[in-house]
Amino acid sequence: MRAMLLEKPRSVDESPLRLAELPNPEPGAGEIRVRVRACGVCHTDLHVVEGDLALPKLPVVPGHQIVGTVDALGAGVSEFQLGDRVGVPWLYSTCGVCIYCQRGMENLCEQARFTGFHADGGYAEAMVAPAAFAYPLPGNFSDLEAAPLLCAGVIGYRALKLSNLNPGERLGLFGFGASAHIVIQIARHRRCEVSVFTRAESHRRLARQLGAEWVGAAGEAPPAPLDATIIFAPAGRLVPDALRTLRKGGTLALAGITMSNLPEMEYQLIYHERTLRSVANSTREDVRELLRIASEIPVRTEVETFQLPEANHALQNLKSSKIHGAGVLVT
């Protein structure tokens, strides 16, 4: 099978992914093999490829927003049948026994493994995954439309939950890429007013099209104090700007897996019981909830497609904010 292989982390400007011919993976007990049709391109992939995260496995095939069909079953698999369409997200497996798993916080599992990080992912024509961590996909989404839901959608949804936003309240989104363009649709469905802070004019246009009440730049004041804000951009310098937009008792959620250092700031910015919290990974229940909600609304994902050998180019465009909505590789 063809796969885009990372042998050594480097800047995406150096095109570090190599098109390679690899053996078809064979599923073990409890696993399925997925014939990949589409795989979303995520900021986490960018951090993996450029070495912002310490990699537990090299070489590795990145990619964790995988849509495909089951074409082989490992021993003991009963959840799926051959030909089923499934999605495979970032959370690849958990131990099930640590204190976090026992408390329903499997996203923080001490032994968690992640797709395209600990195990080869979806920048390939096939991959294997534990059946317990794969998901049937709603039929009203095409392969391309479904792919961004599996990380951009899920992490955005978890960030929205942890922001404590209630229906009808005011939400701020800092950065407007793949995650934010899904979150705004959920928030608007819940009758929330949304303010978007982004620099790229194409992102501003999309935000307005999807119902943003106000669009501006970080450091500008929205029309009214916000009940909750989410930062999607991996820029710690945005934290003081986001806190300034919050009402007393509001929550700021940081949705990135990595972020540049937070600057020293006045205590007054977080005083009056404002909350600053990070968002780490997601649970299987988050995935199920997001897929159900996205299908009911229904969420419309904006995608820009790239052929599998164009993965380096897709990541370069992602890094420079040139992708409209979400990037998706097709095999």
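Is it the case that some residue within region 173-180 is under 28 Å from Ile32 (Cβ atoms), part of a helix (DSSP H, G or I) and either assigned by TED's automatic domain parsing to the domain that holds Gly211 or of a type in the set (A, V, I, L, M, F, W, C) (or both)? Checked region 173-180: at least one residue is under 28 Å from Ile32 (Cβ atoms), part of a helix (DSSP H, G or I) and either assigned by TED's automatic domain parsing to the domain that holds Gly211 or of a type in the set (A, V, I, L, M, F, W, C) (or both).
Within region 178-188, being over 14 Å from Ala212 (Cβ atoms) and not hydrophobic (A, V, I, L, M, F, W, C) holds for one residue alone: Ser179. Scan region 101-120 residue by residue and report those that are surrounded by fewer than 19 Cβ atoms within 10 Å (Cβ to Cβ) and not in a loop (DSSP other than H, G, I, E, B). Gln102, Leu108, Arg113, listed by residue number.
Exactly one residue out of Ala221, Ala235 is over 27 Å from Arg18 (Cα atoms) and either exposed (fewer than 15 other Cβ atoms within 10 Å of the Cβ) or assigned by TED's automatic domain parsing to the domain that holds Arg18 (or both): that is Ala221.
Residue count for region 261-275 satisfying the condition of being part of a loop (DSSP other than H, G, I, E, B), out of contact with any helix residue (DSSP H, G or I) (no Cβ under 9 Å at 6 or more places or on another chain) and over 23 Å from Leu160 (Cβ atoms): 3. Cβ separations smaller than 8 Å between residues 6+ apart or across chains give the following pairs from region 143-169 residues that are at positive phi to residues that are crowded, with 24+ Cβ neighbours inside 10 Å: Asn164/Ala228. In the set Ala218, Ala224, Ala233, only one residue is of a type in the set (A, V, I, L, M), closer than 21 Å to His189 by Cα and part of a loop (DSSP other than H, G, I, E, B); that residue is Ala224. The residues of region 52-95 that are at positive phi and over 23 Å from the mean Cα position of the chain (by Cα), listed by number, are Gly76, Gly83. Restricting Thr251, Thr301 to residues that are within 19 Å of the chain's Cα centre (by Cα) and either within 22 Å of Ile182 (Cα to Cα) or buried (at least 16 other Cβ atoms within 10 Å of the Cβ) (or both) narrows the list to Thr301.
Count of region 1-16 residues, restricted to those that are in contact (Cβ under 8 Å) with a residue 60 or more places away in the chain and farther than 16 Å from Thr115 by Cβ, is 6. The single residue among Val41, Val49, Val36 that is within 26 Å of Gly74 (Cβ to Cβ) and either touching a strand residue (DSSP E or B) at 6+ places or on another chain (Cβ under 8 Å) or among the charged types (D, E, K, R) (or both) turns out to be Val36.
Can you work out which of the residues in region 41-100 that are of a type in the set (S, T, N, Q) and assigned to a loop (DSSP other than H, G, I, E, B) is nearest to Gly177 (Cα to Cα)?
Let us first name the residues in region 41-100 that are of a type in the set (S, T, N, Q), namely 44, 65, 69, 78, 81, 93-94.
Subsequent filtering for residues that are assigned to a loop (DSSP other than H, G, I, E, B) retains 65, 78, 81, 94.
Numbers: Gln65: 15, Ser78: 37, Gln81: 35, Thr94: 29 Å.
The residue in question is Gln65.
In the set (1) touching a Phe, Trp or Tyr at 6+ places or on another chain (Cβ under 8 Å); (2) crowded, with 18+ Cβ neighbours inside 10 Å; (3) touching a residue at least 60 places away in the same chain (Cβ under 8 Å); (4) over 30 Å from Ala228 (Cα atoms), the condition left unmet by Ala126 is number (1). You will find that of Arg188, Arg158, the residue that is of a type outside the set (A, V, I, L, M, F, W, C), farther than 30 Å from Pro27 by Cβ and modelled with pLDDT of 95 or more is Arg188 and no other.
The values are calculated or read from the model by the stated rules, or taken from the named source; none is laboratory data. Note that the coordinates shown come from a computational prediction; the quantities given were computed from them, not determined experimentally. Reconstructed Cβ throughout: ideal geometry from the backbone, glycine too, with neighbour counts over all protein chains shown.
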